[in-house]
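The values are calculated or read from the model by the stated rules, or taken from the named source; none is laboratory data. Being a predicted model, the structure only gives us computed values, none of them experimental. Cβ: placed from backbone, ideal geometry, glycine included. Neighbour counts: every protein chain shown. The accessibility values were calculated without ligands, DNA or RNA, using every heavy atom of the protein model including side chains. Shrake-Rupley method; radii C 1.70, N 1.55, O 1.52, S 1.80 Å.
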Amino acid sequence: MRPEIAVLDIQGQYRVYTEFYRADAAEKTIILVNGSMATTASFAQTVKNLHPQFNVVLYDQPYAGKSKAHNRHEKMLTKEVEGQILLELIDHFAAEHVLSFSWGGAAALVALSHRPRRIEKAVISSFSPVINEPMRDYLERGVDYLGSLDRDRVGHLVNNTIGKHLPSLFKRFNYRHVSSLAEHEYGQMHFHISEVLNSDRQCYLKAARKIDVPVLFMNGEWDEYTAASDARLFANHVQHSSFSTLQAAGHFLDMEHKAACRDSRHALMGFLKPARHDNRPRHHLTQEHHALAI
């Protein structure tokens with residue numbers, strides 16, 4: 001399964017590396033949005049869960065992964081800019097669906113608030129509108145370690161917090177990746193986390209109120225950093241929202257173990273392709289649906 005690879009020009013300002021996994025029988029295209037410090041490689045399992053039922057698009061932010069060699073890194077990217085990049089890619093690939101992971105949810109919400117005409121459904125995974133105490137501790141330590149370019153501590157911080165439920169092999173890959181990022185990537189992450197800590201978190205809820213397509217919020221039962229209970233606050237702001245909690249799963253969901261991978265796939269397919277989904281009862285997955293009356 002080899003993707004079609006392209007480096008796209010975005011409004012003459014950024015060059016973005018993309019991978020397009022085409023499926024001849026697929027009727028819809030879904031674009032995946034990375035979390036902080038992540039690249040297209042982080043979505044390897046998610047692609048397997050979605051392809052060939054969908055055409056799947058992956059991309060690296062201009063400062064990260066295989067995009068960074070094509071950009072100058074002269075200024076930091078805000079979530080608003082990342083949202084605009086996503087809108088451009090939605091149009092380019094004629095995508096009907098968006099799926100974001102972790103802090104990629106911020107850019108996804110910004111993009112969705114513009115009501116892109118092609119988008120029919122969206123999935124926001126491992127994200128919440130709340131900075132709770134575990135998340136605040138993680139972010140504050142992250143700002144400290146990133147600011148001092150302490151690569152060892154940054155690598156261990158990720159694995160000991162949001163990545164603590166990952167298998168040991170994935171933790172080794174994670175540490176190697178996070179501790180070897182370029183200095184400008186650390187600067188971008190420092191900027192982003194500082195912005196999150198100092199900004200009005202209501203901005204995510206304000207964006208959410210403008211979204212007019214069905215959105216599935218998917219969180220792990222064991223994830224105390226983007227907790228499922230906190231994610232449910234979106235029910236009061238997203239008109240057509242539904243929620244899935246994956247049992248015995250932490251922040252990284254489909255990467256943590258086989259059961260979480262299976263449950264993640266069932267949740268995605270049940271939301272994106274409900275008529276064709278196998279509806280046998282599965283007690284390991286809890287799901288709640290909310291609709292905001294207007």
**OP:** Report the residue count in the stretch 121-155 for those that are of a type outside the set (D, E, K, R), at pLDDT 95 or above and surrounded by fewer than 18 Cβ atoms within 10 Å (Cβ to Cβ).
**Re:** 1
**OP:** With respect to Ala107, determine if the residue is part of a helix (DSSP H, G or I) and crowded, with 23+ Cβ neighbours inside 10 Å.
**Re:** yes
Original post:
When the stretch 175-195 is examined, which residues are found to be part of a helix (DSSP H, G or I), without any contact (Cβ under 8 Å) to a residue 60 or more places away in the chain and surrounded by fewer than 18 Cβ atoms within 10 Å (Cβ to Cβ)?
Top reply: Arg176, Glu183, Ser194
Original post:
From the list Asp152, Asp137, which residue is more than 23 Å from Asp223 (Cβ to Cβ), acidic (Asp, Glu) and in a helix (DSSP H, G or I)?
Top reply: Asp152
**OP:** Report, by residue number, each residue of the stretch 156-174 that is more than 13 Å from Ser42 (Cβ to Cβ), open to solvent by 10 Å² or more (accessible area, probe 1.4 Å) and in contact (Cβ under 8 Å) with a residue 60 or more places away in the chain.
**Re:** Lys164, His165, Pro167
Subject >> Scope the stretch 208-253; condition closer than 30 Å to Lys171 by Cα, polar (S, T, N, Q) and surrounded by 18 or more Cβ atoms within 10 Å (Cβ to Cβ); matching residues >> reply: Asn219, Thr226, Ser244, Thr245
Original post:
Only one of His257, His283, His277 is open to solvent by less than 80 Å² (accessible area, probe 1.4 Å) and modelled with pLDDT under 55; which?
Top reply: His277
Subject >> Glu88 charged (D, E, K, R), touching a His at 6+ places or on another chain (Cβ under 8 Å) and open to solvent by 10 Å² or more (accessible area, probe 1.4 Å) >> reply: no
Subject >> Residue match in the stretch 53-74 (condition: touching a helix residue (DSSP H, G or I) at 6+ places or on another chain (Cβ under 9 Å), among the hydrophobic types (A, V, I, L, M, F, W, C) and closer than 18 Å to Ser194 by Cα) >> reply: no
